[in-house]
1. Taking amide hydrogens as modeled 1.01 Å from N in the peptide plane, which residues meet the under 5 Å criterion relative to residue 126, leaving out close sequence neighbours?
2. Would you list, by chain and number, the lysines whose Cα falls below 30 Å from the Cα of residue 177, excluding same-chain residues fewer than 8 positions away?
3. Output wanted: per-residue J couplings in Hz (rounded whole) for segment 135-142, from phi through Karplus 6.51 cos²θ - 1.76 cosθ + 1.60, θ = phi - 60°, x for Gly and Pro.
4. Please compute the per residue accessible area over segment 75-205 with all protein chains in place, 1.4 Å probe, rounded to a whole number of Å².
5. Grab the other residues whose beta carbon is less than 15 angstrom from that of residue 126, score K and R as +1, D and E as -1, and report the net.
6. Using Cα-Cα distances under 8 Å and only pairs 6 or more residues apart, what relative contact order does the chain have, in percent?
7. Among the listed pairs 70/277; 20/52; 14/70; 14/203, which are separated by more than 19 Å between their Cα atoms?
8. Per residue of segment 36-46, what does 6.51 cos²θ - 1.76 cosθ + 1.60 with θ = phi - 60° give for ³J(HN,Hα)? Whole Hz please, x for Gly and Pro, Karplus curve as stated.
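The values are calculated or read from the model by the stated rules, or taken from the named source; none is laboratory data. This is a predicted model, so every value here is computed, not measured. We place every Cβ from the backbone using ideal geometry, glycine too, and count neighbours over all the protein chains shown. Areas reflect the complete protein model, heavy atoms only, side chains present, ligands, DNA and RNA absent. Shrake-Rupley method; radii C 1.70, N 1.55, O 1.52, S 1.80 Å.
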Amino acid sequence: MDTRYLTYILTIAKKENMTKAAEELFVSQSTLSQYLSKLESELGTPLFYRSKGRLTLTQAGSLYIEAAEKVMSIKNVLYQNIQNIENRGHITVGVTSQFGLTMLTDIIPAFKVQYPDIIIEISETNLPGLTRMISEESIDCGIMAINEIHPFSPDQVTILREEEVLFSIPVNHPYRKKNPDRPIPIGEFAKSFGEENILLSKKGSTLRRLTDMVLENAGWIPSTVCETNSISTTRSMVAMGIGVTFISDSCASDREHVAYYHVEPKLTRLNALVTRKNWIQSQASQCFCNAIRNYFN
């Protein structure tokens, strides 16, 4: 049951602004405007009054929104009832980071013992991609690393923990001799590592945002830059002496070849469970999400 376009109209009504609605839905403003114009033409009446960038419901619009909310409610109840039949169902979950894959590896075996007929479909993607999938409701939930709750609403997000981000260098790096374990102040990076090749995550990731912040605050302009989305590749490149990088605590392995430093002030990101809007959960999906919420406890 494809209710995506109903979600479009409901979001426009909530935001009362086409630009803000498009941002929340992760679609272009032109796409949203074209769909609304097409719908109003089909109905033969406007659904919104336009006034100085604000969209407010007409009488016809109020009737449409009321009906759309009923349809969404019927869909949610129907899907829940179907999923509850003999505890069968399908849960789609996305992950952006290694900690999410590790968590699912630990959680799923016990969950499958209790709910053997539930199918869990896992997608691994980047932060912008998973954010879009949750906003479009094409996936049930995501286990993700984020810098902030935006653009999700608070009721969609459960913060699992605050994870530290560390600075990594090869164990045989000359810096180790003068500083084997002391935290590195941000102001020291340009002086101590200004000539190093820095390995960056792709733009849009939590690690990239933190790295860009450090580079700006430290006045650090690296001599060369390499971008990759693979943490394991980045870590291996550090071990081989190809460059230095920032790595989350959950991925700080291979300590025989890679040295990790705390940063001062401390760098952190949030590990979170984010669920899609309008997800009426079955008993099985509630159990699955609770296992994720309690994982770090």
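1. none
2. Result set, ordered by chain and number: 191, 266.
3. 5, 7, 6, 8, 8, 6, 7, x
4. 49 Å²
5. Result for the neighbourhood of residue 126: +4.
6. 23 percent
7. 14/203
8. Listing the rounded values in order: 4, 4, 5, 5, 5, 5, 5, 7, x, 7, x Hz.
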